[in-house]
Protein chains: 2
Amino acid sequence: MTEPVDLWPDVRPDAAKRLMAAAVEAFAERGFHATTTRDIATAAGMSPAALYVHFPSKAAVLFAISRSGHERALNMVTAAAGAPGDPLTRMRALVAGFTTWHATRHRVARIVQYELHALRPADFEVVADLRRRTERTVRDLIAEGVAASAFTVADTPTAARAILSLCVDVARWYTPESKPDPTELGARYADLVAAMLGAVTA
Amino acid sequence: MTEPVDLWPDVRPDAAKRLMAAAVEAFAERGFHATTTRDIATAAGMSPAALYVHFPSKAAVLFAISRSGHERALNMVTAAAGAPGDPLTRMRALVAGFTTWHATRHRVARIVQYELHALRPADFEVVADLRRRTERTVRDLIAEGVAASAFTVADTPTAARAILSLCVDVARWYTPESKPDPTELGARYADLVAAMLGAVTA
């Protein structure tokens, strides 16, 4: 296990967290479809019956992981966008934080980002709403910066998509051996995004 | 089937192409691990025994898909980087082409990019070499542009990684309903990358 159990500070009881952590490992190893509830329960040191106390199905475990990841992403982005400071300072913090999160938590982030098609339709709608709100927050911050002549980028929606895409894709290629470390990568990506937005520096 | 069979113009005979196309659909739907050779053969209208005439295993089908995709990516990037014109013109063409390819071929690109961990070690080495050569080509073009004062970006390796990452991640989120169309998206991403590299325009 490379993911600490405190990935989900809000999840109670600990058994549910252990099941979610075991599911992340199993989904990362074999994919959602090839993983059984027994695989997840066994990896968490529990019986399949004990899993069903917490989650009615494998799909429910995936949804818990995905919703939690998307809620944390939205909270992180919203907090950075709403912090004090000029638009460039806030955008840098947003990109640095989001990049570092995807590098540090690349295993869980891969499940969150790449198993969307395995969600049940009603679950997908919940997650899609969180994704739309995250993207809108980035778009609004770019638009604010353009209005304040802090950014000169022409196409706000495409830039917002590109920024999130750049941060998210870190989960695909980042490994514990990757250089630079997650914090430094975040800082360098913040520089690249500032240039991409045509940031006007005094 | 959304992927045309001519994804693999060099593959002979047609039965092998049909098997690769069926495998792309099956892997995209269920993941590599939950797909059986029988699933692939049946979807291609063949028997499992007929599959083994062309591929010794499911892993061999994955390798054929992955190697072909990575070879085409390398060829595309190398051709764009080596074309006539100044570094910015070549970089724009590289980014536009690579982005458009990932949008148009998002189903096969997802297999190529996200099932790397399912490759056998020797196969992975072949693919990893193609990936390193692709990344080096992008890095060299950035370095050439910096040396010619066409780009002002400070960190060439991180910029190369970010450019490829931006293009590749298109395969994750692009759907046939996405806007703008693949060609227009490529053009807009080329603009964003030009800004990211601090392109100096006369």
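Shortest first, in nm, what separates the label point of A:Asp155 from those of the same position in the other copies (7 Å along Cα→Cβ)? Between copies, matching label points for A:Asp155 lie 2.6 nm apart.
Projected onto their three principal axes, the Cα atoms of segment B:58-196 cover extents of 48, 36, 25 Å, largest first. Simple spin-label estimate for B:Ser178 and B:Thr89 gives 2.9 nm between the two label positions (7 Å along the Cα-to-Cβ direction from each Cα). What separates the B:Glu184 label point from its copies, with the point 7 Å along Cα to Cβ, is 4.2 nm, written shortest first.
Spacing of the modelled spin labels on A:Glu29 and A:Val200, each 7 Å from Cα toward Cβ, amounts to 5.5 nm.
Could you work out the helix-only [θ] at 222 nm for the protein assembly as shown, with each DSSP H run of four or more residues adding -39,500 (n - 2.57) and the total divided by the number of residues, to the nearest 500 deg cm²/dmol?
The helix contribution divided over the protein assembly as shown gives -23500 deg cm²/dmol.
In straight-distance terms, cross-link reach from A:Lys58 covers every one of the lysines whose alpha-carbon lies under 25 Å from its own, apart from those fewer than eight places away in the same chain; here that gives A:Lys17.
Neighbour counts of other Cβ atoms within 10 Å put A:His106, B:His117 in the fewest-to-most order B:His117, A:His106.
At 0.36 nm per residue, and after removing the present C-alpha to C-alpha distance, how many nm does the segment from B:Ala79 to B:Thr36 gain when stretched out fully? Display every interim value, and only then the final one.
Details: separation 43, 0.36 × 43 = 15.48 nm, distance 3.69 nm.
Result for the pair: 11.8 nm of gain on full extension.
Of the GluC sites (Glu not before Pro) in segment A:92-177, the ones in a loop by DSSP (not H, G, I, E or B) with at most 10 other beta carbons within 10 Å are A:Glu177. Farthest towards the positive end of the charge dipole of the protein assembly as shown, among the residues A:Val127, B:Pro13, A:Ala93, is the Cα of B:Pro13, using unit charges on the Cβ of Lys, Arg, Asp and Glu. Each copy carries a label point for A:Ala79 at 7 Å from Cα toward Cβ; from one copy, the others' points are 4.8 nm away, ordered from shortest. The magnitude of the dipole of chain B, with charges of +1 and -1 set on the Cβ of Lys/Arg and Asp/Glu and taken from the Cα centre, is near 300 debye.
We did not get these values from a lab; they are worked out from the coordinates using the rules stated. Keep in mind the model is a prediction, meaning the values are calculated, not measured. Counting neighbours? That spans all protein chains shown, and the Cβs are built from the backbone with ideal geometry, glycine included.
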